[in-house]
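Participant: Before I ask anything, let me first share the structure, which is written out below as structure tokens.
The values are calculated or read from the model by the stated rules, or taken from the named source; none is laboratory data. If you're wondering where the values come from, they're calculated on a predicted model, not measured in any experiment. When we count neighbours, we look across all protein chains shown, and the Cβ atoms used for this are built from the backbone with ideal geometry, even at glycine. Heads up: the accessible areas ignore ligands, DNA and RNA and are worked out on the full protein's heavy atoms, side chains in. Shrake-Rupley method; radii C 1.70, N 1.55, O 1.52, S 1.80 Å.
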Amino acid sequence: MSDLTTAQDERLRRPAAIRSIQLGDTKVSYVPDGDVRLRPLALLQDSTDEVWAAHPEYLDAEGHLVGSVGALLVEHGGRALLIDAGFGPQRLEAPDGPLGAIHGGALPHSLAELGRRPEDIEAVAFTHLHADHLGWACHPAPGGDRPLLAHSDYLISEQEWDRRDLLEAQGMTEQVAALAPRVRTVTDGQEIFPGVRVRITPGHTVGHAEYVITGGGRRLIAFGDAMHSPIQADHPDWSAGFDHDPTRTADHRRRLVAELAEPGTIGFGVHFADVVFGHVQRDGDGPAWRPLDA
């Protein structure tokens, strides 16, 4: 095994650190908030014990898939947009199902490391309304009583916000109430920030949104929870246990993986391990997901 392969394997077993790339005049940065540990067979129910035995590089010592929890900071011309808002200052453990454990809390410090204050964020664009993406849009700032990102507009796809009753049915009434005063709904194809367009891709949730960021002759697709692990680039038919419509999600994922193999196209996987930025290379030599900076 080469030193490069060993280094890449190590990255698959740790959550992502701050990482930035430049798209012309636009800078995009992963903003860590915490990490998540997932049960691989419960998350990807079409996978097998044999698959994971052949790919131990994806698993920690307890046999969990290692993932990241955080947000994407988009900066252009002095302006700043955040895509998703992490999990917030909390921890959750589950005895069974896809989720093993998840925690957040680091996003304010990570923003500071990137030279940004919460007040600098003009809007938070959500991929969807799950708790690990709403985090700091609902939780108070440290030592305060208002949400950390209360100065921002909250951009949510029209379809997703129309079905906020699904959240309330899951006991998330407080989160919906915290979001409501700041919500501005967005639609497919809408430009929400210089070079950033919404793309509605239902499946994971009823109105799941991706964000396509263009600049410098390249495009980055922030695909939210269309993929939870880079191994899904090799197996796009594998939907996740969290998906609202597994068949629809798999259909979209096949198209997404093909897109990510096109020249000048980069993907951003918010829940990937320390390989959040990458592209797809389907040449039969190694994994399809190739970290951008590897």
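Participant: Within the stretch 214-231, track down each residue that is more than 25 Å from S157 (Cα to Cα) and either in contact with a helix residue (DSSP H, G or I) (Cβ under 8 Å, 6 or more places away or on another chain) or open to solvent by less than 20 Å² (accessible area, probe 1.4 Å) (or both).
Facilitator: Once the filter is applied, which keeps residues that are more than 25 Å from S157 (Cα to Cα) and either in contact with a helix residue (DSSP H, G or I) (Cβ under 8 Å, 6 or more places away or on another chain) or open to solvent by less than 20 Å² (accessible area, probe 1.4 Å) (or both), the stretch 214-231 yields P230, I231.
Participant: Identify all residues within the stretch 57-86 that are closer than 16 Å to P15 by Cα, open to solvent by 10 Å² or more (accessible area, probe 1.4 Å) and either without any contact (Cβ under 8 Å) to a residue 12 or more places away in the chain or not aliphatic (A, V, I, L, M) (or both); write none if there are none.
Facilitator: Answer for the stretch 57-86, where residues must be closer than 16 Å to P15 by Cα, open to solvent by 10 Å² or more (accessible area, probe 1.4 Å) and either without any contact (Cβ under 8 Å) to a residue 12 or more places away in the chain or not aliphatic (A, V, I, L, M) (or both): E57, Y58, D60, A61, E62, G63, H64.
Participant: What residue, of R184, R197, is closer than 28 Å to H279 by Cβ and in contact with a strand residue (DSSP E or B) (Cβ under 7 Å, 6 or more places away or on another chain)? Talk me through it step by step, then tell me what you get.
Facilitator: Working: R184 fails: closer than 28 Å to H279 by Cβ.
Of R184, R197, the one residue that is closer than 28 Å to H279 by Cβ and in contact with a strand residue (DSSP E or B) (Cβ under 7 Å, 6 or more places away or on another chain) is R197.
Participant: Does the stretch 256-272 contain any residue that is charged (D, E, K, R), modelled with pLDDT under 95 and not in a helix (DSSP H, G or I)?
Facilitator: Going through the stretch 256-272, the residues charged (D, E, K, R) turn out to be 259, 262.
From the residues that got through so far, the ones that are modelled with pLDDT under 95 too are none.
No - not one qualifying residue is present in the stretch 256-272.
Participant: May I pose another question? So which helices (runs of 4 or more DSSP H) stay within the stretch 97-199 end to end and still have 1 or more residues that are open to solvent by 60 Å² or more (accessible area, probe 1.4 Å)?
Facilitator: Fully inside the stretch 97-199 and qualifying: 107-113, 158-162, 165-169, 173-179.
Participant: Among the aliphatic types (A, V, I, L, M), over 23 Å from E93 (Cβ atoms) and without any contact (Cβ under 8 Å) to a residue 60 or more places away in the chain: is that true of A17 in this structure? Before the answer, list the steps.
Facilitator: On the way: among the aliphatic types (A, V, I, L, M): yes; over 23 Å from E93 (Cβ atoms): yes; without any contact (Cβ under 8 Å) to a residue 60 or more places away in the chain: no.
Considered against the rule, which asks whether it is among the aliphatic types (A, V, I, L, M), over 23 Å from E93 (Cβ atoms) and without any contact (Cβ under 8 Å) to a residue 60 or more places away in the chain, A17 comes out as no.
Participant: May I pose another question? I'm told F272 meets every condition in (1) under 16 Å from T127 (Cβ atoms); (2) without any contact (Cβ under 8 Å) to a residue 24 or more places away in the chain except one. Can you identify the failing condition by its number?
Facilitator: So F272 meets the others, but not (2).
Participant: When you check A177 against the structure, is it aliphatic (A, V, I, L, M) and modelled with pLDDT under 95, yes or no? Please lay out each step first, then the result.
Facilitator: Values: aliphatic (A, V, I, L, M): yes; modelled with pLDDT under 95: yes.
Against the criterion (aliphatic (A, V, I, L, M) and modelled with pLDDT under 95), A177 qualifies.
Participant: If you scan the stretch 77-96, which residues turn out to be within 19 Å of R117 (Cβ to Cβ), among the aliphatic types (A, V, I, L, M) and assigned to a loop (DSSP other than H, G, I, E, B)?
Facilitator: From the stretch 77-96, those within 19 Å of R117 (Cβ to Cβ) are 77-86, 88-89; that's our starting set.
Then keep just the ones that are among the aliphatic types (A, V, I, L, M); that gives 80-83, 85.
If the condition is that a residue be within 19 Å of R117 (Cβ to Cβ), among the aliphatic types (A, V, I, L, M) and assigned to a loop (DSSP other than H, G, I, E, B), then A85 is the only one that fits.
Participant: Please indicate, with yes or no, whether at least one residue in the stretch 24-46 is in contact (Cβ under 8 Å) with a residue 40 or more places away in the chain, open to solvent by 50 Å² or more (accessible area, probe 1.4 Å) and either under 19 Å from I213 (Cβ atoms) or in contact with a Leu (Cβ under 6 Å, 6 or more places away or on another chain) (or both).
Facilitator: Yes; the residues of the stretch 24-46 include at least one that is in contact (Cβ under 8 Å) with a residue 40 or more places away in the chain, open to solvent by 50 Å² or more (accessible area, probe 1.4 Å) and either under 19 Å from I213 (Cβ atoms) or in contact with a Leu (Cβ under 6 Å, 6 or more places away or on another chain) (or both).
Participant: Condition check: within 19 Å of R11 (Cα to Cα) and open to solvent by 40 Å² or more (accessible area, probe 1.4 Å). Does P89 satisfy that? Lay out the reasoning, then the answer.
Facilitator: Values: within 19 Å of R11 (Cα to Cα): no; open to solvent by 40 Å² or more (accessible area, probe 1.4 Å): yes.
So P89 fails the test.
Participant: Check off (1) out of contact with any helix residue (DSSP H, G or I) (no Cβ under 9 Å at 6 or more places or on another chain); (2) of a type in the set (V, I, T); (3) at pLDDT 95 or above for T6 and give me the number that stays unchecked.
Facilitator: (3)
Participant: Now for a separate question. Filter the stretch 200-250 for residues that are polar (S, T, N, Q), under 26 Å from I21 (Cβ atoms) and outside any helix (DSSP H, G or I) and give the result.
Facilitator: Residues satisfying the conditions are T201, T214, S229.
Participant: Quick one: in the stretch 21-45, which of the residues that are within 15 Å of the chain's Cα centre (by Cα) and of a type outside the set (V, I, T) is farthest from A240 (Cα to Cα)?
Facilitator: Applying the first criterion (within 15 Å of the chain's Cα centre (by Cα)) to the stretch 21-45 yields 28-38.
Next, only the ones that are of a type outside the set (V, I, T) stay: 29-30, 32-35, 37-38.
Numbers: S29: 26, Y30: 23, P32: 22, D33: 22, G34: 20, D35: 18, R37: 14, L38: 11 Å.
My answer is S29.
Participant: Which one is nearest to G34 (Cα to Cα) among residues in the stretch 248-277 that are crowded, with 16+ Cβ neighbours inside 10 Å and basic (K, R)?
Facilitator: Within the stretch 248-277, the match that is nearest to G34 (Cα to Cα) is R253.
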